[in-house]
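Beneath this line is the structure, given in structure tokens, with notes to follow.
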Amino acid sequence: MTKHNCAICGAEIGLVSEQKLADGNFICRKVCSKKTFKIYDKVNATLGDVTAHIEQVEKGTRIWNELLLPLKKAKDKKQKLKCLGTGGPLLYVSPSTGLVALVETNYKFFLFGKTQKACVYRLADLMQYTYEEEKVKGSDGKMETKKYCAMMFKDTAGMYGFRLGVSNSQSFDSIEKYFDTLFGIQKTLRNSFKNAKRQMDAIKSVTSAAKAAAAGTLDEEQAAATVGALDASVYGDRTEWIRKADEALAAFQ
């Protein structure tokens, strides 16, 4: 039987103790594979993807333990975390820091010996939160429908997308409304004028950029402003969320 060596720690591994990656590399299940999230798709990941995710988890767990976890018991409501999702992992949103943490909790024996690891993201980088359903076979052998909020973050090394479990479509609607409200893109009449203004700003920016491009005078600053205006028209103005996250993460760089 062919044996391999773990591409991360170098340990010798066999068929039962190895995890094969998409690029043909192998990692050990006993140590290195356990450093990743259970939901992380290692089968379709390369060695570079996995090492980036492990680094993401190591840093994220530190940020969770030192910065975000203490806020769970904060007396100030503005500091407290918002918990989203069902089952596991769970998503914790920290509006006061502009960060979100996906937290996986593991127990050594039933509910004893709890350990946690986390992936931390900037709230401003959340680009997608959509509803998904999947038919799966339950423990009783019958088919059941799992519901999820599929989330995607831009400019993120490691695990940049995942599905958060939700109990039903109404639970997802609450999550969607929560993030829409944070980003100022509520789909309500009250906010229609704000949305319309952002869209008009984007149109003006694109028109100006098109004229500059035609004249050969478009520079990087103007191009960046155009992209920013387009993003704001679709995703809301996230300037304040970026500022908060950058300040919170400064101590962890």
- prompt: Is it true that residue 127 is surrounded by 11 or more Cβ atoms within 10 Å (Cβ to Cβ), among the hydrophobic types (A, V, I, L, M, F, W, C) and part of a strand (DSSP E or B)?
  reply: yes
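Table: residues versus (1) of a type in the set (Asp, Glu); (2) over 15 Å from residue 248 (Cα atoms); (3) surrounded by 14 or more Cβ atoms within 10 Å (Cβ to Cβ); (4) in contact (Cβ under 8 Å) with a residue 12 or more places away in the chain.
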residue: 46; (1), (2), (3), (4): no, yes, yes, yes
residue: 50; (1), (2), (3), (4): no, yes, yes, yes
residue: 56; (1), (2), (3), (4): no, yes, yes, yes
residue: 60; (1), (2), (3), (4): no, no, yes, yes
residue: 64; (1), (2), (3), (4): no, no, yes, yes
residue: 67; (1), (2), (3), (4): no, no, yes, yes
residue: 75; (1), (2), (3), (4): no, yes, no, no
- request: Could you pull out the residue among 158, 165 that is touching a residue at least 24 places away in the same chain (Cβ under 8 Å) and not in a strand (DSSP E or B)?
  value: 158
query: Which is without any contact (Cβ under 8 Å) to a residue 40 or more places away in the chain, exposed (fewer than 14 other Cβ atoms within 10 Å of the Cβ) and not assigned by TED's automatic domain parsing to the domain that holds residue 162, of 18, 12?
result: 12
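The values are calculated or read from the model by the stated rules, or taken from the named source; none is laboratory data. Predicted, not measured: the structure shown is a model, and the values here were computed from it. Every residue, glycine among them, receives a Cβ derived from its backbone with ideal geometry; neighbour counts consider all protein chains shown.
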